[in-house]
Structure formats: C-alpha cells, structure tokens
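Here the structure comes first, spelled out in structure tokens, and everything after it is commentary.
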Amino acid sequence: MNGSGTAPAVPRPAYRRLSVEQRRSQLLTAALNLFAHRAPEDVSLDDVALAAGVSRPLVYRYFPGGKQQLYEAALRSAADVLERCFAEPETGPLTRRLSRALDRYLAFVDEHDAGFSALLQGGSVVETTRTSAIVDEVRRAAADQILRHLGEPEPGLRLRMTVRMWITAVEAASLIWLDEDKQPALDELRDWLVDHFVALLTATAATDPQTARVTRAALKLETADGPAGELARRILPVVSDAAHLL
C-alpha cells in the first residue's frame with residue numbers, strides 16, 4: 001500500500017515496436033505453437049492474439065484474410081521446416097543419412113503432434129486446395145531429396161514409386177505413433193523406418209534393374225556395424241529355414 005492507502009499501480013511492460021517482418025514472424029510463431037497442440041479448427045484469431053500478446057485488430061492488419069490466411073502462412077512455415085529435414089550432405093552410408101533426416105523429421109512430429117495429425121489427415125474446416133498443395137510439396141521435396149541421395153539422375157517408375165511408397169509409410173507410421181501414445185521410443189521408430197527403406201528398396205531391386213544398380217551402389221557404402229549390417233544379421237535367422245524355397 002502507498003501513503004494514500006491504495007495499492008501501487010503495476011507498471012505495464014513497455015510496448016515494443018517491431019518491424020513488419022518481425023511482427024509477422026511473431027504472429028506466425030504464436031499460431032504455429034497453437035496449431036502444434038490443437039487442431040486448426042479449434043484455434044481462433046483471439047487465441048493467436050492472446051498468445052502473441054497483441055490485439056485482434058493487429059492480427060487482422062497482418063493477415064487481412066483472417067484465420068484462413070494465417071493458417072496457410074503457418075502451414076507454409078511448417079512445410080519449409082519439414083522440407084529442410086531431408087536436406088543432408090551426400091556423403092557416407094545412405095542409412096546414416098536417412099537416420100539423421102528422420103531424427104529431424106520425427107522431432108518435428110513429436111513437437112507438433114496435434115497440428116501434424118491435422119495437417120496430414122485433412123478434414124479440417126480450413127483445408128483447401130492450397131493447403132493440400134503445400135502438404136504435397138513437402139512429400140515431393142522429401143522424395144526428390146532421397147532420389148538425389150540414391151545418385152540416379154533419371155529415376156524410373158519403379159524407383160520413384162518405391163521412394164514415394166516409403167514416404168507414405170513414414171507419414172502413416174508417424175500418425176500411428178502419435179495415436180499409440182508415442183510408442184515405441186523415437187530412436188526405435190527411426191531405426192525401424194530405415195530398415196523398411198532398405199527392405200523396400202531390396203524388394204524392388206529384385207525385379208527392376210535400375211533399382212538393383214542403385215541398391216548395390218548404396219550397400220557398398222554400408223558398414224558391418226551400421227544399420228544395414230545389423231538388419232542383415234537380424235534377417236538371416238528369420239529366413240534360415242526358407243532354403244527349400246530356393
């Protein structure tokens with residue numbers, strides 16, 4: 001209490017003027033954090049304004065298209081992060097490169113669980129052809145990155161389909177992982193997905209000469225103590241009783 005018998009006024013934090021780009025980034029960050037834990041249709045502009053510590057009219061000033069424009073901008077920002085997850089130097093064993101890319105990808109899934117589910121499963125009230133195109137762009141970018149690592153400048157139909165099938169499997173596994181209370185542990189899920197890629201590539205190689213060529217080249221870079229070597233040792237006991245099929 002002060003001398004007049006009233007409680008002293010609590011000073012308000014000084015208003016911080018941000019540049020246009022800084023303010024836009026602040027609003028996108030607030031929106032992404034909300035979309036990370038709640039489905040897009042459950043997030044309002046008032047929620048974004050509150051999270052960013054600004055007024056609703058200010059949100060509208062930067063996103064005059066309202067929630068739809070804000071959601072698409074946030075989705076574009078998230079897509080840029082996901083695309084960068086698969087950017088990896090083209091050196092060393094392929095399975096090691098995939099493991100590092102998956103570590104980044106799965107960390108994003110873990111952090112943006114509810115938002116990631118809404119993003120991939122669709123059905124949101126804010127889903128449009130533009131948002132669907134953004135999601136498809138991420139898939140294409142991931143597939144292009146993997147094909148680049150396989151070192152084939154003109155991948156044929158079978159090889160392209162194999163990589164795109166694996167991308168689909170990664171997405172499905174991520175959604176199931178979220179639905180199963182994030183089990184198994186992330187490193188186990190990552191290793192499992194790398195094993196799936198090697199197995200899928202090998203299965204296609206059995207009938208497609210181009211895939212066989214890139215598979216042989218990739219396996220030459222693998223080491224006995226790496227993911228491919230460990231997978232081979234685990235598979236041999238499983239198929240040891242299948243000699244009668246040869």
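The values are calculated or read from the model by the stated rules, or taken from the named source; none is laboratory data. Since this is a predicted model, take the numbers as computed values, not measurements. Glycine gets a Cβ as well: all are built from the backbone with ideal geometry, and neighbour counts include every protein chain shown. Quick note on the areas: whole protein, heavy atoms, side chains included, nothing else; ligands and nucleic acids left out. Shrake-Rupley method; radii C 1.70, N 1.55, O 1.52, S 1.80 Å.
Among the residues in segment 179-193, are any in a helix (DSSP H, G or I), over 17 Å from the mean Cα position of the chain (by Cα), surrounded by 17 or more Cβ atoms within 10 Å (Cβ to Cβ) and not aromatic (F, W, Y)? Scanning segment 179-193 turns up no residue that is in a helix (DSSP H, G or I), over 17 Å from the mean Cα position of the chain (by Cα), surrounded by 17 or more Cβ atoms within 10 Å (Cβ to Cβ) and not aromatic (F, W, Y).
Every residue in segment 15-42 that is among the basic types (K, R) and open to solvent by 90 Å² or more (accessible area, probe 1.4 Å), please. I'd like the intermediate steps shown before the answer.
Within segment 15-42, the first condition is being among the basic types (K, R), and the residues that meet it are 16-17, 23-24, 38.
Scanning segment 15-42 gives R16, R17.
Filtered by the rule that a residue be in contact (Cβ under 8 Å) with a residue 12 or more places away in the chain and part of a helix (DSSP H, G or I), segment 214-244 gives V214, T215, A217, A218, P227, A228, L231.
In segment 35-50, which residues are part of a helix (DSSP H, G or I), modelled with pLDDT of 85 or more and either of a type in the set (K, R) or under 20 Å from S117 (Cβ atoms) (or both)? Write out each step before concluding.
Of the residues in segment 35-50, the ones part of a helix (DSSP H, G or I) are 35-37, 40-42, 45-50.
Okay, now just the ones that are also modelled with pLDDT of 85 or more, so 45-50.
Selection gives D47, V48.
Being assigned to a helix (DSSP H, G or I) and either hydroxyl-bearing (S, T, Y) or open to solvent by 50 Å² or more (accessible area, probe 1.4 Å) (or both) is the filter here; which residues of segment 200-213 pass it?
Within segment 200-213, the subset assigned to a helix (DSSP H, G or I) is 200-205, 209-213.
Hits for segment 200-213 are T202, A203, T204, P209, T211, R213.
Of the residues R213, R234, R164, which is basic (K, R) and within 18 Å of L106 (Cα to Cα)?
Working: R213 fails: within 18 Å of L106 (Cα to Cα); R234 fails: within 18 Å of L106 (Cα to Cα).
Answer to the check: R164.
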